[in-house]
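Below you'll find the structure, written out as structure tokens, and then a few comments.
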Amino acid sequence: MAEPLFRKDKQKWYARVKDRFGRWRMFPLNARTKSEARELNRQQQVLETNIAKGLVVVPEKNLDQSFGAMVQWWLDNRLKPARSYEHCEGFVRVHLLGSPLARCAPAEVTHGKVEDFLTRKDAKLSPGSVNHLRAYISRIFRSARAAERFHGQNPVTRDVRVRKVPKRKARYLRPEWVSSILDNVPVEWQGVFATAVYAGLRKGEILALRKTDVDLDKRIMLVGRSHDSDTTKGGHEDGIPIAKELVPYLRSAIDTSPSDLVFPRPDGSRHLAAVDLVSILRAAMRRAGIVEGYVHKCRRCGHQEESKEGELRTCPACKMKLWTVGKVAPFRFHDLRHTTASLLMMSGATAVAVQRILRHTDIRITTEVYGHLAPEYLRTEIDRLSFRQKGSRESETIEPKTTMVTEGDAPSPAPRFATPVLPGESGSGFPPLMRVEETLLSRELISVGAAGFEPTTSCSQSRRATNCATPRSPAQGRQEGKDISRSAGLCPASCYFFATPSRRASAKARKAAARWERRFFSSRSISAMVRPSDEMKKSGS
């Protein structure tokens, strides 16, 4: 055991102890003499040894006093180095640091409190934003556990439900709009918007594009940077082809650029990530006349009114002329990337080609977002449902017909897609059926098992033919059974039973008739029906 150390500069005794992890530690002791320091050093060494052996369990303490302190640590040490810090930091500060949940201790944050917190946010935020808050809370606790700042369980469990986000199709520009919008974009921004439409690049990838990444002779563009990052959103560099109509825009931008960037600022530096390209896009759409309506504004009193027409109007309050402004659809700059994929799919491009151009890692992203725009999307498959013959008029309707099978009447022919299975139908060779009640209650012999009307069972046909729990009939009854079978259109079976006039036999016959009627039209019962006898085949009936 090591001896305690006295530091003259501090005028304190320090313990020298090997902790539970096998590392030497020094910490000050509240001792005045050497003997006191030795005793305290020995006690601390014994405690660390017992903890290492598992004899003493020491509760681990959380380093953060509140959940708000944990959130602040996560922002400064985990989120700040990430690329999404600027977009997520404000959202986290407003909704997490400023919430009552931030004042709770980390151990007091349970899944019930998290669910109540998110439920209150449902009225203010969209389902997607609420899911983002849920993911942030889960990430904060996971990071704190990994850094050994929190030793409890993550409160975000399955009990904290994920909100259902409605799926909406991507918004895109119509083909006839593209030329008008590019013509109305300011000259210094035409190359940026043309690259977004023709190549499908993201905003950061366009602003970080360099001259060395563009080969106009081979019409190939390398995309491997985004804003100030050396990688793109997907984390990989890809080469994509350059469209013919994009070449003049790129050549003009490269010739006029004062730096190694293709689309720099006037001083040659890179544009900031916060550059407002949405306002430029909507202003170009407004100048091109691509509007959903008009808003008439009064610059004096602030009166506003909307209409579908852009005619000149006067303010009803101050009689001043109203300023007419076109109301543009809420397009984003990223919707130009959706436009590239949508127009390619509508033009007949395959999903694999669109995936390579947009650089999606999974083709399911391409098909789920843009697959509905393909001209042959499931059209060939749905056309397999064809019920009309060639040359028939569309106005023709097929009326359902019911076939009644009665004795002495010829039934109507079955449709061409149906198999004649009912006795008595044309082409089947079966005569009309007898009433089963008359056969069973006539105190006569009927065939059972594999060749009769007995309902099907799970056993084989041979077992059904031999497992009758009835006495075998004499020779006279056997002959009468053959005659009845022939009159009913049945072939003679190998086993018969004789129905006596007792009440018990009559009840069994009625149950058998009811059971046969319930299962007559099932496929298994139909398959177990008797085949025509040799006499019927010879007579051609």
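The numbers here are math on the coordinates, done by the rules we state, and not lab data. On a predicted model such as this, the values are computed, not experimentally measured, just so you know. With ideal geometry, Cβ positions are generated from the backbone for all residues, glycine too; neighbour counts draw on all protein chains shown.
Would you check the range 5-53 for Lys pairs whose C-alpha atoms are within less than 22 Å, ignoring same-chain pairs closer than 8 in sequence, and give me the count?
Numbers: LYS8/LYS34; LYS10/LYS34; LYS12/LYS34; LYS18/LYS34; LYS18/LYS53.
Taking the Cα cut-off of 22 Å, the pair count is 5.
Under a Cβ-Cβ cut-off of 12 Å, what is the net charge of the residues other than SER257 that fall near it, where Lys and Arg count +1 and Asp and Glu count -1?
Details: positive: ARG210, LYS211, ARG251, ARG265, ARG270; negative: GLU188, ASP255, ASP260, ASP267.
Value of the local net charge: +1.
Report the Cα-based extents of the range 5-53 along its three principal axes, largest first, to the nearest Å.
Taking the Cα atoms of the range 5-53, the three principal extents are 34, 18, 11 Å.
Which of the peptides 286-296, 199-209, 116-126, 338-348 is most tightly packed, and how do the rest follow, judged by the mean count of other Cβ atoms within 10 Å per residue? Provide the component values of the computation, followed by the final result.
On the way: 286-296: 15.8, 199-209: 22.8, 116-126: 14.0, 338-348: 19.4.
Top to bottom by mean Cβ count within 10 Å: 199-209, 338-348, 286-296, 116-126.
Counting pairwise Cα distances across the range 18-96, what percent come out greater than 15 angstrom? Walk me through the numbers before you get to the answer.
Values: 2195 of 3081 pairs.
When all Cα pairs of the range 18-96 are counted, 71 percent exceed 15 Å.
Please compute the Kirkwood hydrodynamic radius over the range 335-379, one decimal place, Å, based on all pairs of different Cα atoms. List each step's numbers first, then the result.
Values: mean 1/r = 0.0986 Å⁻¹.
Result for the range 335-379, one decimal place: 10.1 Å.
All other residues with a Cβ under 14 Å from the Cβ of SER35 taken together, and with Lys, Arg as +1 and Asp, Glu as -1, what is their net charge? Can you show the working numbers first?
Working: positive: ARG32, LYS34, ARG38, ARG42; negative: GLU3, GLU36, GLU39.
Surrounding charge for SER35 is +1.
Over the range 175-287, what relative contact order in percent results from Cα pairs under 8 Å that are six or more residues apart?
Numbers: 150 pairs, mean separation 31.7, N = 113.
Relative contact order comes out at 28 percent.
If amide H atoms are built 1.01 Å from N in the plane of the peptide, which residues on other chains or at least 5 residues away come under 5 Å of the amide H of SER226?
Distant-sequence amide H within range of SER226: THR231.
Grab the Cα-Cα distance for ASP122 and ASP238, subtract it from 0.36 nm times how many residues apart they are, and report the gain in nm with one decimal.
Working: separation 116, 0.36 × 116 = 41.76 nm, distance 4.01 nm.
Gain on extension, ASP122 to ASP238, equals 37.8 nm.
So how do ILE363, ILE357, ILE382 line up by other beta-carbon neighbours within 10 Å, fewest first?
Details: ILE363 14, ILE357 19, ILE382 8.
With the fewest neighbours first, ILE363, ILE357, ILE382 line up as ILE382, ILE363, ILE357.
Could you tell me the ratio Rg/Rh of the range 181-236? Both radii from Cα atoms, Rh via Kirkwood.
Computed over Cα atoms, the ratio is 0.99.
Please give the contour-minus-distance gain from ARG379 to ASP267: 0.36 nm per residue of separation, less the Cα-Cα distance, rounded to one decimal in nm. Display every interim value, and only then the final one.
Numbers: separation 112, 0.36 × 112 = 40.32 nm, distance 5.33 nm.
35.0 nm is the gain from fully extending ARG379 to ASP267.
What residues qualify as long-range amide H neighbours of PHE6, i.e. H under 5 Å apart, gap of 5 or more or another chain, H built at 1.01 Å from N?
TYR14
Could you tell me which residue out of THR33, GLN44, GLN11 lies farthest along the dipole of the range 1-49 toward its positive end? Charges go on the beta carbon: Lys and Arg +1, Asp and Glu -1, centred on the Cα centre.
GLN11
In terms of modelled amide H atoms, which long-range or inter-chain residues lie less than 5 Å from the amide H of VAL17?
HN-HN under 5 Å from VAL17: ARG25.
Quote the convex hull volume per residue of the range 201-281, based on C-alpha atoms, as a whole number of Å³.
Spread over its residues, the Cα hull of the range 201-281 gives 104 Å³ apiece.
Determine the gain in length on full extension of the stretch ALA170-HIS372; use 0.36 nm per residue of separation and subtract their C-alpha separation, reporting nm with one decimal. Please list the in-between numbers first.
Values: separation 202, 0.36 × 202 = 72.72 nm, distance 1.05 nm.
Going from the current span to full extension adds 71.7 nm.
Apply the Karplus curve 6.51 cos²θ - 1.76 cosθ + 1.60, θ = phi - 60°, to the phi angles in the range 307-322 and return the couplings in whole Hz, x for Gly and Pro.
Coupling constants for the range 307-322: 7, 7, 9, x, 6, 6, 10, 10, 6, x, 8, 10, 6, 8, 5, 8 Hz.
Send over the Kirkwood Rh of the range 34-73, from the inverse of the averaged 1/r over different Cα pairs, rounded to one decimal Å.
On the way: mean 1/r = 0.0782 Å⁻¹.
It works out to 12.8 Å.
Under 23 Å from the Cα of LYS308, which lysines turn up, not counting those fewer than eight places away in the same chain?
Candidates past the 8-residue exclusion: LYS297, LYS319, LYS321, LYS327.
What translational D, rounded to a whole number of µm²/s, comes out for the range 67-146 from Stokes-Einstein when the hydrodynamic radius is the Kirkwood one over Cα pairs, at 37 °C and 0.692 mPa s?
Details: Rh = 12.8 Å.
Estimated diffusion coefficient is 256 µm²/s.
Through the Karplus equation 6.51 cos²θ - 1.76 cosθ + 1.60, θ set to phi - 60°, convert the phi angles of the range 250-256 into ³J(HN,Hα) values in whole Hz; use x for Gly and Pro.
Result, ordered by residue: 5, 5, 5, 5, 5, 5, 9 Hz.
Treat the count of other C-beta atoms within 10 Å as a stand-in for reagent exposure and order TRP516, TRP74 from fewest to most.
Details: TRP516 17, TRP74 23.
With the fewest neighbours first, TRP516, TRP74 line up as TRP516, TRP74.
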